[in-house]
Amino acid sequence: MKTNRREFIKISGTAVGAAAIGASTLTGSLFNWASGSILNQSVPAPTFLERTPTYCEICFWKCAGWVTKNEDGEIWKIEGHKDDPHCNGRLCPRGTGGVGMYYDEDRLKQPLIRVEENGKQVFKEASWEEAFKVIGNKMKAIKEKYGPECMALFTHGSGGKFLGHMLKAYGSPHITAPSFAQCRGPREVAFYSTFGEGVLSPERTDIRDTRCLVLIGSHIGENMHNGQVQEMSEAIDKGATIITVDPRFSTAASKSKFWLPIKPSTDMALLLAWINVIITEEWYDKPYVEKYTFGFDQLTTHIQTYTPEWAYGITSIEPKTIRETAREMANAAPAVIIHPGRHVTWYGDDTQRLRAVAILNALLGSWGRRGGFYFPDKVSVPDFPHPPYPEPKKTWRDLMPGKYNLATEIVSNGICDATIPSPEAACNFKGWIVNGTNLIHTLPDQKKTLAAIEALELLVVIDTMPMEITGYADVILPECTYLERYDAIRNSPHREPVISLRMPATEPKYNSKPDWWIAKELGKELGLDAYFQYKDIEEVLDWELKQIGSSLAEMQKIGVKKFNREYDDLYLIDGQDFEFNTNTGKIELYSTEMANNGFDPMPVYTPHEQPPAGFYRLNYGRAPAHTFSRTSNNPNLVDIMPENELWVNPKVAKQWGIKNGQYVWLKNQDEIISSFSIKVRITERIRWDSVYMAHGFGHSNKKLTRAFGKGASDTELISNVKIDPIMGGTGMRSNFVTLLTKLPEKAASETEKTVES
Ligand SMILES: Nc1nc2c(c(=O)[nH]1)N[C@H]1C(S)=C(S)[C@@H](COP(=O)(O)OP(=O)(O)OC[C@H]3O[C@@H](n4cnc5c(=O)[nH]c(N)nc54)[C@H](O)[C@@H]3O)O[C@H]1N2
Ligand SMILES: Nc1nc2c(c(=O)[nH]1)N[C@H]1C(S)=C(S)[C@@H](COP(=O)(O)OP(=O)(O)OC[C@H]3O[C@@H](n4cnc5c(=O)[nH]c(N)nc54)[C@H](O)[C@@H]3O)O[C@H]1N2
Ligand code: SF4
Ligand SMILES: [Mo]
């Protein structure tokens, strides 16, 4: 099987002047990082350059970069910052194309308020003052009638810090992000209960020095998290073995020594069989296991029956391959990483699957070792002084008693559920502020999301674009793009502590404003002036930076600043005593925390549903040129990839008599039909029991002139959600679809249905 090189030509063909950087296998073939601006290809190099620091907002890797303007003062290009370990001077194609977000003429331009005119609901343009008045009055009424805790903030992205501060000052602790229960939550909870620490973001994986990288359902390469992709290229160049477990022949699979095309939903069986082999063959790190772990004897007994022969019948991976790959990992140990993945909410037993991943890493001694997982460090930046927040009278835990006990963050789908009125609910949420998250495409089970929205007394949406969620808002507030604003200091954990500044490269276009300003003005409207005792964000940033020995002026010049680690403890030293932050002070192979909460202390295999005849499992994932639903209208990125395609195995295509390039509709197990059709791509790279599409397409908002109706939405078809009882994650991979080759009546009418904003 070959990867599609034509796609690569298309990418570099669009990015005129782009150079392939690095001669490694990965960068050299599929990932041609563009170094110049895609948008202004024809603009001659300006004579006067003015550059300002930023960090990218196109995804959550937050690469630091420089924005350069041309002599007319217009944004010309964005380049990576060479001192930044997130990007090492190179942005991914999405980051380079980020300029398109600023230039997109479909942007939200003015605050909008929902009003009724002639019996019809419409959005009316408003001033910021009017918009704040409407929101302020409603929020005060909600506080009075139900308590401030009944307001929730859904936020994903940088502005969350300011809006979160405003909400806490108002009296609600309910701030939630989809990056927990729709994304990496199970992984964090699993690693906390095993090692007493999370994996964090950026992941603490020491990929550049690894000798064996196991990707189990994490497709680095299409998942373009920059530094991680670069480190993987570096590791491959240095001869590391890549083992990819994926039912789909992903880009990573094409770079791998072993590709294990596992039957979807059966990963737990493979992981348990690997644990079985590593213990029975005595390939584990004996001194490490003895010194640092708890529960080895229980684990040994527990995995007796989980043999490779047993797993073969479940996973379709041959026992010989299971042993061979286990051997490969053990040979590389401790410089081995069984990658914890990132979007890990699949089948509802995800925390337990990630526990198996954590246990495997522990047995091989990779936690705290070079080429395994390092101990990250970050600077502690104090917050600008403010009065203490009022004590909330109730929290989400009171509203969902006994549920998701081990969740370490607020579960967004839990807030959504608790918004839907029900006789049992102690309190329902009455108002949402939604910032930088397109909940309609982000939360599975759209029926529930819509039912919750229906029940709200206030829905404020802060966004840069007219998305699906904005169509449901009472008030829409247009945020300016990341290129036009200051934000909180980026301060993420890494090998060395490192901070980065984002500052405006230019004035906000239209009547858009930054989140820090929105939070402050809304705060004042709510009478919370005491919490906003500063003139502007520059004062706040300068104060915060001065506490850590820098200043705003310095950061404006250098963009990125590295600090020394307080201790030289990136890895464990051989034989070092170490107390882990778990109940036993050890790495818990047997989890006392799980046991105490009534969950299996060691992972157990349970079978998952398989598709009925004529149906295929709906598999979805990332496309290198896009981020979720946020970039599908970006003029630069639309050029690279205008719509998503449905990967269909040739055997299936033949059965259905469908041709490459033909458009089909999809119908899921609950009779939900996709609003739009999707182009078929016939490929051996997908198993016959599944179909695959990139997430983020199939927009139904007509205001998105480039993205409307392009491709299909996976979210729409994800109505069967398997909730992880441990932490509330939404397992989204138990949905099955069948193909419709003709335009069904329902789909035709759905196509007409749009939201206005
Ligand atoms: N079906 C399905 N659902 C998924 C996933 C999936 O693969 N399939 N993936 C899950 C995962 S891993 C994650 S992390 C989440 C991601 O979930 P989201 O972060 O909600 O993803 P997006 O669809 O990109 O929505 C981002 C929204 O923010 C807006 N936006 C972009 N920039 C700015 C800005 O600077 N300011 C403001 N105020 N708004 C901005 C965009 O216009 C868009 O409306 O989705 C989860 N849900
Ligand atoms: N270009 C780009 N990169 C991104 C993002 C983006 O939007 N665009 N988003 C970022 C974010 S927030 C996240 S969370 C990460 C997510 O990135 P990943 O953690 O890599 O997750 P997914 O994109 O969901 O891809 C999952 C892979 O799992 C495979 N798979 C499906 N079912 C099974 C199964 O049962 N078993 C196994 N073993 N594999 C299976 C799919 O074929 C796919 O290749 O990507 C990040 N990077
Ligand atoms: S990985 Fe790409 S999109 Fe994400 S922050 Fe970095 S440059 Fe931006
Ligand atoms: Mo994510």
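The values are calculated or read from the model by the stated rules, or taken from the named source; none is laboratory data. Predicted model only: the values in this text are computed from it and were never measured. Note that each Cβ is placed from the backbone with ideal geometry, even for glycine, and that neighbours are counted across all protein chains shown. Protein only, heavy atoms only, side chains kept; ligands, DNA and RNA dropped before computing areas. Shrake-Rupley method; radii C 1.70, N 1.55, O 1.52, S 1.80 Å.
Amide H contacts of CYS87: ALA64, each under 5 Å away and 5 or more positions distant or on a separate chain (H built 1.01 Å from N in the peptide plane; Pro and chain starts excluded).
Backbone geometry of region 91-107 corresponds, through the Karplus equation with coefficients 6.51, -1.76 and 1.60 at θ = phi - 60°, to 3J(HN,Hα) couplings of 9, 7, x, 5, x, 5, x, x, 3, x, 5, 6, 7, 4, 6, 7, 3 Hz, x marking Gly and Pro. Projecting the Cα positions of VAL229, PHE180, LEU270 onto the charge dipole of region 161-301 (unit charges on Cβ atoms of Lys, Arg, Asp and Glu, taken about the Cα centre) puts PHE180 furthest along the positive direction.
Just to confirm a number: summing +1 for Lys and Arg and -1 for Asp and Glu over residues other than LEU443 whose beta-carbon lies under 12 angstrom from that of LEU443, what do you get?
Numbers: positive: LYS447, LYS448; negative: ASP417, ASP445, GLU468, GLU716.
Spelling it out: positives minus negatives among the neighbours equals -2.
Sequentially through region 434-441, phi angles give Karplus couplings (6.51, -1.76, 1.60; θ = phi - 60°) of 10, 10, x, 8, 8, 3, 5, 8 Hz, Gly and Pro residues having no value and appearing as x.
Given only helices, namely DSSP H runs of n ≥ 4 each adding -39500 (n - 2.57), what is the per-residue ellipticity at 222 nm of the chain, to the nearest 500 deg cm²/dmol?
Numbers: 26 runs with 226 residues, N = 757.
So the helix-based figure for the chain works out to -8500 deg cm²/dmol.
The spread of Cα positions in region 54-94, taken along each principal axis and listed from longest to shortest, comes to 31, 19, 15 Å. Identify the residues of region 456-497 with backbone N under 13 Å of a label point that sits 7 angstrom from the Cα of PHE563 along the Cα-to-Cβ direction, or state none. Correct set: 489-494, 496-497. Considering only alpha-carbon pairs that sit under 8 angstrom and 6 or more positions apart, the relative contact order computed for region 490-578 is 38 percent. Centroid-to-centroid, using Cα positions, region 691-735 and region 538-597 are 35 Å apart.
Taking a straight line from the alpha carbon of LYS145, these aspartates and glutamates sit under 14 Å away, with near neighbours fewer than eight places off in the same chain left out: GLU457.
Each principal axis of the Cα cloud of region 259-316 was taken in turn, and the coordinate range along them, longest first, works out to 36, 23, 19 Å.
Counting only DSSP beta bridges whose two residues both lie in region 616-756, roughly 55 percent are antiparallel. Each 10 Å bin, from zero up to the one with the longest distance, holds this percent of the alpha carbon pairs of region 442-542: 13, 32, 32, 21, 3.
Candidates LEU483, GLY371, GLN446 compared by Cα position along the dipole of region 354-499: farthest toward the positive end lies GLY371, with charges placed on Cβ. Within region 360-402, the trypsin sites (Lys or Arg not before Pro) that combine a DSSP coil assignment with at most 11 other C-beta atoms in a 10 angstrom radius are LYS393.
Which value, in Å², gives the accessible area per residue of region 616-756 when a 1.4 Å probe is used on the protein heavy atoms?
Details: 5040 Å² over 141 residues.
Computed with neighbouring chains in place, this is 36 Å² per residue.
Qualifying GluC sites (Glu not before Pro) in region 505-605, where qualification requires a DSSP coil assignment and no more than 16 other C-beta atoms within 10 Å, comprise GLU566, GLU579. In plain terms, the chain from GLU50 to SER127 could stretch by 24.5 nm, reckoned as 0.36 nm per residue minus the Cα-Cα distance. For region 525-646, the C-alpha radius of gyration sits at 1.89 times the compact-globule guess of 2.2 N^0.38 Å, with N the residue count. The equivalent ellipsoid of region 600-657 has semi-axes of 31, 23, 8 Å, largest first, where each one is the square root of 5 times an eigenvalue of the Cα gyration tensor. By the compact-protein rule of thumb, 2.2 N^0.38 Å, the alpha-carbon radius of gyration of region 616-756 corresponds to a ratio of 1.03. The magnitude of the dipole of region 299-424, with charges of +1 and -1 set on the Cβ of Lys/Arg and Asp/Glu and taken from the Cα centre, is near 320 debye. Extension gain for the segment TRP688 to THR741, taken as residue separation times 0.36 nm less the Cα-Cα distance, is 17.3 nm to one decimal.
Roughly how many percent of the accessible protein surface of the chain is carbon and sulfur, given a 1.4 Å probe and a whole-percent answer? Exposed carbon and sulfur together represent 50 percent of the surface. Here the contact order of region 204-261, divided by its residue count and restricted to Cα pairs under 8 Å and six or more residues apart, works out to 37 percent. Where both residues lie in the chain, what percent of DSSP beta bridges are antiparallel, nearest 5? In the chain, DSSP labels about 50 percent of beta bridges as antiparallel. Over the chain, the Kirkwood radius and the radius of gyration, each from Cα atoms, give a ratio Rg/Rh of 0.94.
Near the amide H of GLN669, within less than 5 Å, lie the amide hydrogens of PHE736, all on another chain or at least 5 residues away, with H placed in the peptide plane.
For the chain, the Cβ-based charge dipole about the Cα centre amounts to some 1720 debye (Lys, Arg positive; Asp, Glu negative; other atoms uncharged). Scalar couplings 3J(HN,Hα) for region 64-73, obtained by applying the Karplus form with A = 6.51, B = -1.76, C = 1.60 to θ = phi - 60°, are 7, x, 10, 9, 10, 10, 8, 5, 7, x Hz; x denotes Gly and Pro.
What number, in percent, do you get for the relative contact order of the chain if the mean sequence gap of Cα pairs under 8 Å and at least 6 apart is divided by its residue count? Before the final figure, lay out each step's value.
On the way: 1696 pairs, mean separation 136.5, N = 757.
That works out to 18 percent.
Percent of alpha carbon pairs in region 359-497 separated by more than 28 Å? If you can, show how the numbers build up before the last one.
Values: 4233 of 9591 pairs.
Within region 359-497, distances greater than 28 Å cover 44 percent of Cα pairs.
With a Förster radius of 56 Å applied to the beta-carbon distance between ASP383 and GLN655, the computed FRET efficiency rounds to 0.40.
With a Förster radius of 51 Å, plug the Cβ-Cβ distance of GLU71 and LYS120 into 1/(1 + (r/R0)^6) and report the FRET value to the nearest 0.05. Don't skip to the end; give the middle numbers.
Values: r = 48 Å, r/R0 = 0.94.
Approximately 0.60, to the nearest 0.05.
Here is the list for region 603-693: trypsin sites (Lys or Arg not before Pro) lying in DSSP coil, each with at most 12 other C-beta atoms within 10 angstrom of its C-beta, are LYS659. In this structure, the amide hydrogen of LYS124, modeled 1.01 Å from its nitrogen in the peptide plane, lies closer than 5 angstrom to those of ILE113, ARG114, VAL115, counting only residues at least 5 positions away or on a different chain.
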